[in-house]
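Structure record follows, encoded as structure tokens.
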Amino acid sequence: MDKGKMLRMFTEKAGLNAEALPGVPLLELSGEDRIWIENHICVAGYTENEVCVRVCYGVLQIKGDKLSLSCVRKDRLLICGCINCILIIR
């Protein structure tokens, strides 16, 4: 069993919120034009229409129009623009 499945199973059985575990990505969508991503590993790709962000269980693919990386920190990332789609690629 991989680490991600073990963490999910542990949090479910213990009745914990996944946010309580270190390293688990947290996405905060604000309207349709801002998304904060915490606990990311790196930005894997970036264009005006797509941003790919590596996280512990795969890649988050954010698609939209006029996307920009407004704030990039080691622990937190802000993507602004018209967000149309958020995909998880495992």
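Scanning region 47-69 for residues that are farther than 19 Å from L26 by Cβ, aliphatic (A, V, I, L, M) and either at pLDDT below 95 or part of a strand (DSSP E or B) (or both) turns up at least one hit.
Inspection of region 79-87 identifies at least one residue that is at pLDDT 95 or above, open to solvent by 50 Å² or more (accessible area, probe 1.4 Å) and among the aliphatic types (A, V, I, L, M). Which one is most open to solvent (accessible area, probe 1.4 Å), of the residues in region 37-46 that are part of a strand (DSSP E or B) and not acidic (D, E)? Only one residue tops the list, namely Y46.
The values are calculated or read from the model by the stated rules, or taken from the named source; none is laboratory data. A quick note: this is a predicted structure, and the numbers were derived from the prediction, not measured. Cβ sites come from the backbone with ideal geometry, for glycine too, and all protein chains shown count toward neighbours. Remember, those area values only see protein heavy atoms, side chains included, never the ligands or the DNA or RNA. Shrake-Rupley method; radii C 1.70, N 1.55, O 1.52, S 1.80 Å.
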